[in-house]
Amino acid sequence: MLRRTRQLLEMIRFSHTLFALPFALLAAALAWRRQGHFSALDLLGILLCMVCARSAAMAFNRLADRKIDAANPRTAGRHLPSGQLSVAAVWTFTLVSAAAFVASTLLFLAAAPPNFWPLWLSVPVLVFLGAYSFTKRFTALAHFWLGAALMLAPLSAWVAVRGIIDFADLRTPLVLGLAVFCWVAGFDIIYACQDAEFDRKARLASVPARLGVKAALRVSRVCHCAMVLLLIGLYWAAAPHLGALYLAGVAAIAALLVYEHALVRPDDLTRVNRAFFHVNAVVSLGLLAVVLVELAVRG
C-alpha cells in the first residue's frame, strides 16, 4: 500500500502542487485582509480543494496521454506506459480525488453566511481542468489553456473566502490570476521545447512544434514580461495592502525569470528541468513569502 501510494504521488508529481498553491494562498491572504478576519476553516478548505483538484486533473492527464507517453522516449518510463501502475488503479485514484474535491467545498457552507459558490462551481472547474488533457490534439494554444487552469487557483481561493460580490471586488484576484496565466503559459512553452520534434511527428500541437524552438522561446519571454507587468499592476489592484517590499519582491522575480531564460537556448535544452522546476518553485513560494511579510509589516 505504501509503495502504491508513493507511485501515485510520483505519477501526479505531488510536489509540483507548489506551483499553484502559493498563488491560491496569496489570494486568500489578500481576501482575508480585505474581509478583516482570518478563517482557519477557509484555509483548510482551500488546501484540500487545491490538492484534490490538482490530483484529479494530473491523474486524468496521465490517463488521457498514456499512449502518447508510451510513444515518446522522454516519457515512456512514466508509471502507466511502463506498467508500474494499472489503468484501473489510476482511474480509481482520479475519481476518488474528484469526489474529494467536491466534498471539500462543503466546508465553505459552514461559513456565516454559508458560501455556496465553491460547491456550485466545483464540477465546472473539474471539467475545465480535465479538458486541458485533450487540447494539444487540436490547438497550439494548449499552453494557454494550462495557464487558464492554474489561473483558477487565486480566483477560486478569493471566491472561497469572499464569494462573488461584484466585478469590482474580483479585480485583485483577476490581476493576480492573469499574472499566473502568463507565467504558466511561458514556462510550459519552455518545457514543451523538449518535445518539439516528437510533437511534429505525432501531429500534436504546441508552440515549439508550430513555430520552432527559437520562436517559441521568444513567445515565452513575452509571456513572462507580461507576468511582471501584471504583478506590478497588482500593487495598485490590491492597494493599500501592498507596498515597497512587494515591489522589491517583484523585481527579484523579474531577475529570476531572466535567469530562467538564460538557462535555456535553442541549441541547448539540457537545463530545461532546472529552469522549469527549481526557478519556478522559488518564484511562487518567494512571492507568497514577500506578500505575507508585507501584510504583517503593514499590520
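Cβ-Cβ distance below 6 Å, separation of 6 or more or different chains: which pairs start in region 280-299 with a residue that is closer than 16 Å to residue 27 by Cβ and end on one that is of a type in the set (D, E, K, R) and open to solvent by 20 Å² or more (accessible area, probe 1.4 Å)?
295/33
Could you look through region 267-277, keep only residues that are loosely packed, with under 14 Cβ neighbours inside 10 Å and not charged (D, E, K, R), and pick out the one that is modelled with the highest pLDDT?
Per the criteria, the residue is 270.
Test residue 259 against the criterion of being in contact with a Leu (Cβ under 6 Å, 6 or more places away or on another chain), of a type outside the set (Asp, Glu) and surrounded by fewer than 18 Cβ atoms within 10 Å (Cβ to Cβ), and give yes or no.
Criteria not met by residue 259.
Among the residues of region 222-242, what is the count of those that are over 23 Å from residue 158 (Cβ atoms) and buried (at least 17 other Cβ atoms within 10 Å of the Cβ)?
So the answer is 1.
Which numbered condition in (1) in a helix (DSSP H, G or I); (2) touching a residue at least 24 places away in the same chain (Cβ under 8 Å); (3) within 27 Å of residue 102 (Cβ to Cβ) is the only one that residue 187 fails?
(3)
Within region 142-176, take every residue that is without any contact (Cβ under 8 Å) to a residue 24 or more places away in the chain and part of a loop (DSSP other than H, G, I, E, B) and give me the one that is least open to solvent (accessible area, probe 1.4 Å).
The selected residue is 166.
Select from region 5-22 the residues that are open to solvent by less than 50 Å² (accessible area, probe 1.4 Å), β-branched (Val, Ile, Thr) and outside any loop (DSSP other than H, G, I, E, B) and list them in ascending order.
Once the filter is applied, which keeps residues that are open to solvent by less than 50 Å² (accessible area, probe 1.4 Å), β-branched (Val, Ile, Thr) and outside any loop (DSSP other than H, G, I, E, B), region 5-22 yields only 17.
So which helices (runs of 4 or more DSSP H) are wholly in region 206-298 and hold at least 2 residues that are hydroxyl-bearing (Ser, Thr, Tyr)?
Output list reads 213-237, 244-263.
Considering only region 101-115, state which residues are free of Cβ contacts under 8 Å to residues at least 40 places away in the same chain and either aromatic (Phe, Trp, Tyr) or in contact with a helix residue (DSSP H, G or I) (Cβ under 6 Å, 6 or more places away or on another chain) (or both).
Residue satisfying the conditions is 102 alone.
Is it the case that residue 98 is farther than 30 Å from residue 293 by Cα and in contact (Cβ under 8 Å) with a residue 24 or more places away in the chain?
Against the criterion (farther than 30 Å from residue 293 by Cα and in contact (Cβ under 8 Å) with a residue 24 or more places away in the chain), residue 98 qualifies.
List the pairs whose first member sits in region 201-217 and is in contact (Cβ under 8 Å) with a residue 12 or more places away in the chain and within 21 Å of residue 69 (Cβ to Cβ), whose second member is buried (at least 21 other Cβ atoms within 10 Å of the Cβ) and among the acidic types (Asp, Glu), and whose Cβ atoms are under 7 Å apart, counting only residues at least 6 apart or on separate chains?
Qualifying pairs under 7 Å: 206/199; 209/199.
Is it the case, given these coordinates, that residue 130 is open to solvent by less than 60 Å² (accessible area, probe 1.4 Å), part of a loop (DSSP other than H, G, I, E, B) and out of contact with any Leu (no Cβ under 6 Å at 6 or more places or on another chain)?
In short, no.
The values are calculated or read from the model by the stated rules, or taken from the named source; none is laboratory data. What you see is a predicted model, and the numbers here were worked out from it, not measured in a lab. A quick note on method: Cβ atoms are made from the backbone with ideal geometry, for glycine too, and the neighbour counts reach across all protein chains shown. Only protein heavy atoms, including side chains, enter the accessible area calculation; ligands, DNA and RNA are left aside. Shrake-Rupley method; radii C 1.70, N 1.55, O 1.52, S 1.80 Å.
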